[in-house]
Structures are given as structure tokens and as C-alpha cells.
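Notes to accompany the following structure.
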Amino acid sequence: MKKIYILIAFCVLALIQIFIPAQMVLSQETVLEKGKPYKFITRPIDPNDPFRGKYITLRYEISSFKTLDTTWQRGDDVYVYIKDSLGFAKLDTISKQKIVRDTDYVIGKAKWLNRKNNWNKNPTRLNFNLPFNRFYMNENKAKPAEDAVRFRRNDSTIKSVYGLVHIKDGTSVLKDVIINSISIKDYVEQNKP
Amino acid sequence: MTSKFQKEIQLLLDNEVINQDTVKRIETFYASKNEEKPNRLFTIFGVIGAALVGLGIILILAHNWDDFSRLMKTILAFAPLLIGQFFVGYSLFKVKGKSWVEASGTFLFFAVGSSIGLVSQIYNIPGDLSSYLLTWTLLCIPLVYILKSNTLVFLCLVFATYYGCNYGYGYFSSSHTPWWYLLMVIALIPQYFKLIKSKKDFNFASICNWLFPLSLVTVLGAFTETHSGFGFLMYVLLFGVFYNIGKLKLFYNQKLRRNGYLIIGSLGTVITLLITSFKWIWNDIFRSEFVFSPQEAAIAVLLFVSAGLLVYRTTQKEKNNDFSLFQIVFFVFVLLFSVAQTDEVIPLVLINVLLLVLGVNAIKIGADRFHFGVLNYGLLIITSLIVCRFFDTDMSFVLRGLLFVGVGGGFFATNYIMLQKQKKTTKSISK
């Protein structure tokens, strides 16, 4: 291959390598700027990613839906439609594909189907994960953040824990996790043991 | 040249086995051979250094500096990427040596990973580890060809394997098949092929001769869809393909330790056969839960055809006279597998016989070639077979004991006979 072709190929690849993360930044910034903010009530737990650092996994109150459809498979895409209730997110409905509705939606992943049977008298429910269940934190604060909520779960000092999520056209950005009206990072700082 | 070798040459010269002229020629030959050695060493250290710095940057950024603003963190995310691209561009433009190209390529590889990782971190972008690894590796595979870099073949293969395992064996992936892994491996093959064609004596080529088959063995399980015994068949076929690749002239004429295909193919075949020599495997998995999956069948057919073509190539085209029974074990296993659908006793007995024959075959190969390693490998196959039967047959203790004593004696006897034979041959040559 001639040197000039190699150089052109490298320049194209370099641009693609910059374009991919830049495009990620741009789409997330658009959602933060123009998307509608919702508060999702949640509880954090603390795992680890080998390359991207510590994060807390968020377990949302919105995590299952009563359904008659028994064909759901683990790993299926779940279109979760959200409505606004005084700023807090409320589950409207779920669907296997995009449907016409004037509420916002996000795409989650099906976990398991809790079927109604001889032993389980409750109606069949689909359990799912919301797509914004990771909140990356400073490695020194992720574990204290989890502990802060776990140990004080029954404590009246913790009134509400929610994820602040911006949603636009099915894309969501988790902006922050809030405990008692302040960011979880500041909450951990203030409540150091 | 090592000092030991220099001493030997001096000894040969003193005893007038070689003359001064020959000594000079030997010295010139080794001097020219060693000319590129310091450069190679520099490349290795350069690559290790670049990899460590790259990984270090990933770890530093993974700390998550929450005191910085979003803009600052975004700038930091792109900085290593731009620096890496600058160095790669510089080594290409200024036509720097191989060391520069390999080291800067390695740094850029990790810079791409750190950049995507940090952006995901800043915006809490959903997405599991496998999608992150896939984007990362895909963005770096073209670099392999732009830089003609062997280190990047290694890195891309390792990360593709990591992706294949994470995607194919994960909690949410019972129905996921890592097809992208296969595509990435195929994309790396031309550069790997070029390496083993032009520089087959390089240590790096032999590392790749081990790494490619190991990677495929690790990820093949993710291509199975059912929990039926079909996976065993797929693995035996894959090992058949590997063994026959190892028999190709390109690999077979090299030292055995450089031929990862042959060793992995042979060991894999024996281990899978040993597992399937147990009665409960055939009773539990093969008969009661057999579910047909078109995907598994398609892969099995592809592997079967490849192995068949390779047998044809080694025996007919390349006229490799060292035909070994290991080359066609996959074919025998396919026949036994089809019989197992109706009757499990015949395949069970035949697999035990097959293992015994393979053991004897390996002993014969070892004896013919005076190779103690292969000879003892054959004995080890037979011993393993007996140990396995120790657990699931109602043989009397006396008979079992006698079998063990017999095989133990066999170890001594065959090794002793071969040693004697070797001594005799050495004597006759020296005469």
C-alpha cells in the first residue's frame, strides 16, 4: 500500500475514533438540555467495573408491571412508558414495541416473568431493568453512598432517595442521585462517620 | 553468540574438527543475525511501557474525579486519545522504526478504551461491559492493518475473547450468540497469516499459534443454544479442525512447542473423549434432553467440512506421510453420536476402545520418532482411561490393582526399551 493511502486511512480512522465518543457526548448533552426531568424513587447498591471505575447500581421502585402476555423472554427490550406525577415518575404502561402515546418512554430489559400458577396466586408480572441503573461515583464515595442508604433505611432522617433522569425521544440521561434534596456526593461528604 | 557456544567453537578448533575459516564464517553469520536483536528488545520494552501507561491512565480516570466540572472531565476524556493519535501519526509520517509503531499503536489502543470509558462514566451511559468492549475493539481493529502491528493483533484478540465470554456467557445472554466475536477474529486472520508466513520463527508467531486456538476453544461454548450433548460434538469437531491445522506443513515442520494447534487439538480430543467415556453422560444428557438447534447444527456442519478438507489437504495435497489416527477421531465421534440417539451402550464401549487405540497410537508415534514426550503422552492416555473406569465399573479390586501394576510396569518398560534403542542408534551413528 502506498504511504499516502495509509495516511489517509489513518486520518479517517482517527476521525472515527474521535467521532464515536464525541457523538456520545453530544447526544447526552442534548437530552440534558432539552429532555424532561423525572424523579425515579430508588435504592443504591455498590458494584465495580474493571475499566470505568466504581458505580452504584440503582434499584428503582418502577421495576415490574402486571401483564397478560406470557411470551416475554429474558433480555427482551421493554418499552417503558412514564407519566409525570408532581415531578416524580409513574409507570404508565409497557410494550414490546414502540406505541403511539403522548407520554415519554425509555427502553429497559426484561428480567423474568413471575407467572400466575397453582402456587403463585398473584397476577402475572414482568420484572425489568430500567436503562439508567448505573451511577458512576468517586471510588471513595460509592460504598459510603450505599451504606448511607442501607443503614438508615428505617431512619426518619432519610426522607426520599431518587434518581434525577432526563428523557427525550426514548434516550435517557441519569443526571444525579438525590438524597433529602441534595446530591448523593454531597450527602456522603456531609455524613462522614 | 553465548559464551558457552564460543567455548564449544574454541574446543572444536583446538581439536581441529573445524578450521579458522569456518570459525570466521560462523561468527559473521551470528553477528549478522544479531544485528536486529537490540531493536527487537527495544520494541518489547516500548510495547510493555505503552501498555502500562495506557492501563494506568484508564485506572486514574476510573477513580472518578468528581471535583472537576463536566466540561473538564470531557476534555480529559479526549486528551489521551488525541495524544495517542498524535504519536501514531508521527511514527507514520516520519517513518519511524517498528518499535515506535508498535509502542504508539499500543498506547492508542488503551487511549481509545479510556476515552469511551470516561464518556460513559461522565454521563452514566447505560450499557454493559460487553457493548463497551465491542465498541473499543472494533475501533482498534483497522489500526492492525494501518500500522501492520502484531502487538495489536494480540491485544484485539484478547479483548475480542473477553467480549465473547462476557456477551455469550453472561446472565442476560442465554439466547445471545457473540457473532461479532467471530467477525473480529476473521478480521484479524489476514495479519496473523502474514506473520506466520513471513516470520514463523518469531516467538510472537508461536504465541499467536497458541492464542488463536485457545480463544476459539474458550468462546465456542457461547455458540451453543441448548444444554444437550451437541456441545460435545461441536468441541470434538473443533479439536479435529485444530489437530489437522497442526498437521499442515506450515505448522508441522516447526518445533512441537510452537505448534499450539496440534497440542490443543490432541489434548482437547482426549479430554472430551474421556468425559464422554462415562456412562452417566450418555444416559443423562445425550438421550433424555436432546433438542435440535439449527444454529448448533450449522456450526457443526461447518466445522465438519473444514476438518474434512484439512484431512484431504494434509494427506493428499501436502503428502504428509505421518498420518495419525487423531486426524479422523472427529469423524468416528460423529458416527458414534448418531448411533447414540438410539442406543447408548455401543458408543460407550467404542469410545473406550477408541481411547485405548489412541493411546497405543501415540506410543507408536513416540517410539518411531524417539520422542519421549509423545510416548509418555500415549501411556498417560491409557492411564487416564483406567483411572476413569476405576470409578464407574464393578471390576474387582484385584483386577483393578493388576491393571494399575500392569500400566505402571508398561511405563518403565517402554521408556527403558526406547532409551536402549536410542543409545544403540547413537552408537551406530558415531561409528
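The values are calculated or read from the model by the stated rules, or taken from the named source; none is laboratory data. Keep in mind the model is a prediction, meaning the values are calculated, not measured. Backbone-built Cβ (ideal geometry, glycine too); neighbour counts: all protein chains shown. Heavy atoms of the whole protein, side chains included, go into the accessibility calculation; ligands, DNA and RNA do not. Shrake-Rupley method; radii C 1.70, N 1.55, O 1.52, S 1.80 Å.
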### helices (runs of 4 or more DSSP H) within segment B:182-273 that include 3 or more residues of a type in the set (Val, Ile, Thr) and closer than 23 Å to B:CYS140 by Cα
B:203-220
### Message
So if I check each of B:VAL158, B:VAL241, which one is within 19 Å of the chain's Cα centre (by Cα), open to solvent by 10 Å² or more (accessible area, probe 1.4 Å), closer than 14 Å to B:ILE299 by Cβ and in contact (Cβ under 8 Å) with a residue 24 or more places away in the chain?
### Response
B:VAL241
### Query
Considering only segment B:200-216, how many residues are closer than 16 Å to B:GLY168 by Cβ and surrounded by fewer than 18 Cβ atoms within 10 Å (Cβ to Cβ)?
1
## Note on the structure
Per the filter on segment A:124-137, residues away from chain B (no Cβ under 14 Å) and not in a strand (DSSP E or B) are A:THR124
### Summary
Among helices (runs of 4 or more DSSP H) entirely inside segment B:334-431, those with 1 or more residues being in contact (Cβ under 8 Å) with a residue 60 or more places away in the chain are B:345-369, B:372-392
### Query
Does B:THR276 satisfy being at pLDDT 90 or above and open to solvent by less than 70 Å² (accessible area, probe 1.4 Å)?
no
### Query
So which residues in segment B:66-92 are assigned to a loop (DSSP other than H, G, I, E, B) and within 10 Å of chain A (Cβ to nearest Cβ)?
B:ASP66, B:ASP67
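Condition check ((1) at pLDDT 90 or above; (2) more than 27 Å from B:VAL405 (Cβ to Cβ)) across all residues:
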| site | (1), (2) |
| --- | --- |
| B:PHE326 | no, yes |
| B:VAL345 | no, yes |
| B:LEU348 | no, no |
| B:VAL353 | no, no |
| B:VAL360 | no, no |
| B:GLY366 | no, no |
| B:PHE372 | no, no |
| B:ILE381 | yes, no |
### Extreme residue, farthest from A:SER183 (Cα to Cα), among residues of segment A:50-77 that are in a loop (DSSP other than H, G, I, E, B) and among the aliphatic types (A, V, I, L, M)
A:LEU68
### Message
If I ask for residues that are more than 7 Å from every other protein chain (Cβ to nearest Cβ) and not aliphatic (A, V, I, L, M), which ones from segment B:52-64 would you list?
### Response
B:GLY54, B:GLY56
### Any hit, segment A:107-123, residues being out of contact with any helix residue (DSSP H, G or I) (no Cβ under 8 Å at 6 or more places or on another chain), away from chain B (no Cβ under 14 Å), at pLDDT 90 or above and over 30 Å from B:LEU59 (Cβ atoms)
no
### Message
For segment A:43-55, which positions are more than 20 Å from B:LEU133 (Cα to Cα) and crowded, with 19+ Cβ neighbours inside 10 Å?
### Response
A:PRO44
### Query
Out of (1) among the hydroxyl-bearing types (Ser, Thr, Tyr); (2) within 11 Å of chain A (Cβ to nearest Cβ); (3) under 29 Å from the mean Cα position of the chain (by Cα), the odd one out for B:THR43 is which?
(2)
### Query
So which residues in segment A:58-68 are open to solvent by less than 50 Å² (accessible area, probe 1.4 Å), more than 11 Å from A:ASN114 (Cβ to Cβ) and of a type outside the set (Gly, Ala, Ser)?
A:LEU58, A:TYR60, A:ILE62
### Summary
Reported set for segment A:57-80 where residues are more than 12 Å from every other protein chain (Cβ to nearest Cβ) and among the hydrophobic types (A, V, I, L, M, F, W, C) is A:ILE62, A:PHE65, A:LEU68, A:TRP72, A:VAL78, A:VAL80
### Query
Could we say that B:VAL301 is assigned to a helix (DSSP H, G or I) and within 22 Å of B:PHE230 (Cβ to Cβ) here?
yes
### Query
When only residues in segment B:312-321 that are open to solvent by less than 70 Å² (accessible area, probe 1.4 Å) and under 17 Å from B:ILE365 (Cβ atoms) count, which is nearest to the chain's Cα centre (by Cα)?
B:THR314
